[in-house]
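**Q** Please find one structure pasted underneath; my questions will follow.
Values in this text are rule-based calculations from the coordinates and carry no lab data. These figures come from a predicted structure and were not determined experimentally. When we count neighbours, we look across all protein chains shown, and the Cβ atoms used for this are built from the backbone with ideal geometry, even at glycine.
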Amino acid sequence: MLRKINYALVLIALTASASYAQSKSMYVGDVELRLGMSRDSVMKLLNTGYKLTATGVDGFAVGQYDQKRKRFNLMGAIVFENNKLDEITRAIDTSDWPDDQGFAVARVISDALSGSIPLTDSDGAKRADARIVISSHDAIAGSRHGNTRDINIFVNGRKISIMTWDGTDGRRVDVQETIRTKPWREQ
């Protein structure tokens, strides 16, 4: 029963994201950001209550300190181009998904989609409003070994990413949503 509830929650999240696809704004934490905002405006909004960490010349990770867990949580990321907000990503908190069920849901979605979605119609034309890219690969990082499964759903200008890690150091699932001013390149 709980697994069915988790499936429903994931589908609701994906449906809600698709219904807001035409929107050019997104919340990162409790701050609403709009594509095209000036760099100064965005920085003023995020400087109170958030920690910004540069991820390149024009990119920043947005974090917030969690008093309960005594650590910084990633809330999202922003990217500027020509001093205008060009890309917004918000992290979806999966930390309270019990007993690895978030991982199980993401893995089932990955396995189901991977084998059931034709890349093209019989005449070779793509006719979908949404594009789904699924990848799986083994990874080794020092003493950590594991497998990652990534599901990237591109729908109406948004990218919804579901990433799972199944490794020697445990299992985890990360979910995020991104909007940007430029179209997504084929991936």
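**Q** Once you put a point 7 Å from the Cα of Asp58 and another 7 Å from the Cα of Ile92, both along the Cβ direction, what distance in nm separates them?
**A** In this crude spin-label approximation the distance works out to 2.8 nm.
**Q** Also, quick follow-up: Could you derive backbone 3J(HN,Hα) for segment 40-57 from the dihedral phi with the Karplus parameters 6.51, -1.76 and 1.60 (θ = phi - 60°), listing whole Hz in sequence and x where the residue is Gly or Pro?
**A** 4, 5, 5, 5, 5, 5, 8, 5, 9, x, 10, 10, 9, 10, 4, 10, x, 5
**Q** For the pairs Lys51/Lys182; Lys24/Lys51; Lys84/Lys159; Lys24/Lys182; Lys51/Lys84, flag any whose C-alpha to C-alpha distance is greater than 18 Å.
**A** Long pairs (Cα-Cα over 18 Å): Lys51/Lys182; Lys24/Lys51; Lys84/Lys159; Lys51/Lys84.
**Q** Full-extension gain between Gln67 and Asp169, please, as 0.36 nm times their residue separation minus the C-alpha to C-alpha distance.
**A** Result: 34.3 nm gained on full extension.
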